[in-house]
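What follows is a single structure, written as structure tokens, with notes after it.
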Amino acid sequence: SSHRKSYGQRAADHSNPAAQLLLHTIERKKSNLAVSVDLTKTSDFLKVIDVVGPYVCLIKTHIDILEDFTPDVIERLKLLSAKHDFVVFEDRKFADIGNTVALQYSSGVHKIASWSHITNAHPVPGPSVITGLASVGLPLGRGLLLLAQMSTEGSLATGSYTDDAVRMARAHREFVIGFIAQRRMDHVGTSPSSLPDGVEDFIILTPGVSLEMSGDSMGQQYRTPEKVILENGCDVIIVGRGIYGKGTGDALDVGCVALQAEKYRTEGWNAYLKRIGS
Ligand code: S5P
């Protein structure tokens, strides 16, 4: 089990460049914190990224919520990614037939595959969602996360749906680097033949993380970094409003955002150190 291995050691268990980049970035920056920047104004979006950049391994985007999007936003995001050394994850949640998701991933206004190291997909269409996205992403060295579970109350992604997501991922390990999930996935039954080299390492990124709140008014459910990393063996905490609150525009207090980011980074990293026993 990779449960007690360091992030850096686990990079050797991956052939996908985006997986290796993420694990090495976590190790280099001593941060398993990802910030989800769900803000609708480009100026707020870029400001928060610049402020939290030093504390994160990854920035998660919903690029389609920007009201004033122009292609220049992507150039600025790339510069910030180089400046602060973080991985970029567009949380697109693809969920259509292979041909359609390949077009949505490569084309349109956002051209996600051209700039996002990692993206994600719902397993609901079956394996063709993976092969469709892989036809675009693999040649570019991109990686995919499958949504095996969700953080929301009443989620249908449970039980055999979750287990089948893991089996789909195992059949496409060159492109599927891990899961959006609430716990590690090693418990899902495997036959030795499905693991030809005897090694399986999936990276678990976990949203629904807050130190103060237990949920919101729209079904979100939160757990603490310690619960997520130490008790449930997840690898990366994804935090949104826990770090920037509702603050936008004049209400955006960058000093406060930096303090929160530092606090979540410390909580997440200490929980990981406890887990690996150091
Ligand atoms: O199960 C999920 C999967 C995702 S990707 N639950 C989630 O909340 N997310 C995303 O994580 C969601 O789209 C949002 O961007 C972020 C959580 O934001 P927060 O403000 O609630 O921390």
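The values are calculated or read from the model by the stated rules, or taken from the named source; none is laboratory data. The structure displayed is predicted, hence computed values, not measured ones. Methodologically, a virtual Cβ is constructed for each residue, glycine included, from the backbone with ideal geometry; neighbour enumeration extends over all protein chains shown.
Okay, here's what the table says:
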read-out	value
Answer from 184, 142, 173 - the residue that is within 29 Å of residue 214 (Cα to Cα) and more than 15 Å from the ligand (Cβ to nearest atom)	184
Qualifying residue in segment 178-185 (condition: in a loop (DSSP other than H, G, I, E, B), aliphatic (A, V, I, L, M) and surrounded by 18 or more Cβ atoms within 10 Å (Cβ to Cβ))	yes
Within segment 8-38, tally of residues that are in a helix (DSSP H, G or I) and either out of contact with any His (no Cβ under 8 Å at 6 or more places or on another chain) or surrounded by fewer than 18 Cβ atoms within 10 Å (Cβ to Cβ) (or both)	13
Boolean, residue 11 is touching a residue at least 60 places away in the same chain (Cβ under 8 Å) and either touching a Pro at 6+ places or on another chain (Cβ under 6 Å) or within 25 Å of residue 267 (Cα to Cα) (or both)	no
Segment 39-75 - residue that is part of a helix (DSSP H, G or I) and of a type in the set (Asp, Glu) and, of those, farthest from the chain's Cα centre (by Cα)	72
Sole residue being assigned to a helix (DSSP H, G or I) and either more than 13 Å from the ligand (Cβ to nearest atom) or modelled with pLDDT under 95 (or both), chosen from 199, 228, 166	166
Matching residues in segment 135-161 - criterion: being surrounded by fewer than 22 Cβ atoms within 10 Å (Cβ to Cβ) and either on the phi > 0 side of the Ramachandran plot or in a helix (DSSP H, G or I) (or both)	135, 136, 138, 139, 140, 141, 154, 159, 160, 161
Sole residue being more than 16 Å from the ligand (Cβ to nearest atom), closer than 14 Å to residue 244 by Cα and not hydroxyl-bearing (Ser, Thr, Tyr), chosen from 39, 23, 46	46
Residue list for segment 125-156, filter: of a type in the set (S, T, N, Q) and in contact with a Gly (Cβ under 7 Å, 6 or more places away or on another chain)	128, 131, 151, 152
Extreme residue, farthest from residue 32 (Cα to Cα), among residues of segment 54-71 that are more than 16 Å from the ligand (Cβ to nearest atom) and surrounded by 16 or more Cβ atoms within 10 Å (Cβ to Cβ)	69
Residue tally, condition over 18 Å from the mean Cα position of the chain (by Cα), within 15 Å of the ligand (Cβ to nearest atom) and modelled with pLDDT of 95 or more, over segment 245-266	3
